Amino acid sequence: MSKATTLLTSAALLVVAAAFPAQASDRRYPVSYVQKVDVTEPTGRTAWENKDSLNCDDVVLTEEDVLYALRHMRRVSWRAYDPERTDTTGCEGSALVTFKNGKILAMGIEPNGRTLALEYDAKMKLTGSPTSFYECSPCRERKMALLKDALNRADERRLKRLVAEGQLSASEAELRLKWGRAERDKP
């Protein structure tokens, strides 16, 4: 190969690498082909809800959240998604995403970036695709930044309960609350 060909190939590879960021989405569900997003349940509880961690009423899924998740979610195995083995809030919003090709994706999205997806055809019959599990670190960072206040309120509820039960003094609860907020505010 000549130097010109090598340089041209290298330049082309750099352009392609720049076009695909590290958090590229699942190629089966391109955002550019989304026809409609219908948030069917903006907030909901699952069997895993942990009110000490986050009250599901403080979490609302928006169309913007769904599109952001489609752009950044990375497929993971069931083992990596399993609520018994991983950190989960127990809060989940639901949405139906309709694509221009007639494909419909039913999504359950938690504020921590965990996403469950089922694929349907245009007649709402399940396709042969198995249930897919996703993690979205940018989603977690984005949504959790919006939820700092909700998390602080959850800490307050938990600490008030511990004080009422006599397991913690009021001054110790106040110190823990300040520490928790300081930890959450760290970059």
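The values are calculated or read from the model by the stated rules, or taken from the named source; none is laboratory data. What you see is a predicted model; the values in this text were computed from it and never measured. Neighbour counts are summed over all protein chains in view; Cβ atoms, including those assigned to glycine, are modelled from backbone coordinates with ideal geometry. Accessible surface is based on the protein model in full, side chains and every heavy atom, while ligands, DNA and RNA are left aside. Shrake-Rupley method; radii C 1.70, N 1.55, O 1.52, S 1.80 Å.
Here are a few things to note about the model shown:
- Relative to its residue count, region 61-123 spans a Cα convex hull of 95 Å³ per residue.
- Take each peptide in 117-124, 93-100, 165-172, count the other Cβ atoms within 10 Å of every residue, and average; sorted highest first, the result is 93-100, 117-124, 165-172.
- Each listed q (0.19, 0.25 Å⁻¹) maps to a log10 I(q)/I(0) for region 120-187 from the Debye sum over equal C-alpha point scatterers, namely -0.81, -1.05.
- For q = 0.16, 0.29, 0.30 Å⁻¹, Debye-computed log10 I/I(0) when each Cα of region 112-152 counts as one equal scatterer: -0.56, -0.91, -0.94
- Solvent-accessible area per residue in region 68-156 equals 47 Å², computed with a 1.4 angstrom probe and all protein chains kept.
- For VAL76, residues with placed amide H under 5 Å, excluding near neighbours: PHE133, TYR134, GLU135
- Lysines with Cα under 21 Å of LYS186, excluding same-chain neighbours fewer than 8 positions away: LYS143, LYS148, LYS178
- For THR40, the residues 5 or more places off, or on other chains, whose built amide H falls under 5 Å of its own are SER94, ALA95, LEU96.
- Radius, Kirkwood style, for region 35-187 when every pair of distinct Cα atoms is counted (Å): 16.8 Å
- Highest mean first, the peptides 101-109, 140-148, 30-38 sorted by other C-beta atoms within 10 Å per residue fall in the order 101-109, 140-148, 30-38.
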